[in-house]
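So the structure is just underneath, and the comments pick up after that.
No lab work stands behind these numbers, since they all come straight from the coordinates. Quantities reported herein were computed from a predicted structural model and do not represent experimental measurements. FYI the Cβ positions are ideal-geometry reconstructions off the backbone, even for glycines, and counts take in every protein chain you see.
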Amino acid sequence: MPEWLKNLYNTIDKMDAFAFADYISPDGEFIFGNFPAVVGRENIANYVDNFFKSIKAIKHTPKNCVIENGKVISWGTVTYTRHNDTQLSVKFCNLFIMDGDLIKTYDVYVDTSQLYM
């Protein structure tokens, strides 16, 4: 797994939405599950910051990735800690369409339907 991808997951796990957004191109888009796409780095940072406020912690355990022709597919397990200290661990798969060293499209496939139960 490339170092930038490890660093990306570490940044997310630190719940720093604005450092996370630095990985996204200025006009990039972020799609989280079945929610509508969020476009633009600042909008993405605010969206992700609000999500981070809804949980106590997050921890990614990436398993593997495939990189080909400007596309990256990464998968593993993510564990969310709720504010009441209960946890939900689910599989995730992320698809990145790259724009040089930045992410143009960040598409998250994850089932968070039990997160707020």
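For this structure, a couple of remarks:
- The range 60-80, residues that are exposed (fewer than 15 other Cβ atoms within 10 Å of the Cβ) and either under 16 Å from residue 117 (Cα atoms) or not β-branched (Val, Ile, Thr) (or both): 63, 64, 68, 69, 70, 71, 79
- Filtering the range 103-112 to residues that are surrounded by fewer than 15 Cβ atoms within 10 Å (Cβ to Cβ) and in a strand (DSSP E or B) leaves nothing.
- Scanning the range 88-102 for residues that are farther than 13 Å from residue 62 by Cα, surrounded by 14 or more Cβ atoms within 10 Å (Cβ to Cβ) and more than 13 Å from the chain's Cα centre (by Cα) yields 88, 97, 98, 99, 102.
- Residue pairs whose Cβ atoms lie under 8 Å apart, sitting 6 or more positions apart in sequence or on different chains, and linking a residue in the range 1-22 that is surrounded by 17 or more Cβ atoms within 10 Å (Cβ to Cβ) to a partner that is among the polar types (S, T, N, Q) and not in a helix (DSSP H, G or I), are 5/74.
- Selection of the range 23-59 for residues being farther than 23 Å from residue 83 by Cβ, of a type in the set (S, T, N, Q) and touching a residue at least 60 places away in the same chain (Cβ under 8 Å) yields only 25.
- When 98, 117 are checked against the criterion of being in a loop (DSSP other than H, G, I, E, B) and not acidic (Asp, Glu), a single residue qualifies: 117.
- Flag for residue 93 being in contact with a helix residue (DSSP H, G or I) (Cβ under 7 Å, 6 or more places away or on another chain) and assigned to a strand (DSSP E or B): no
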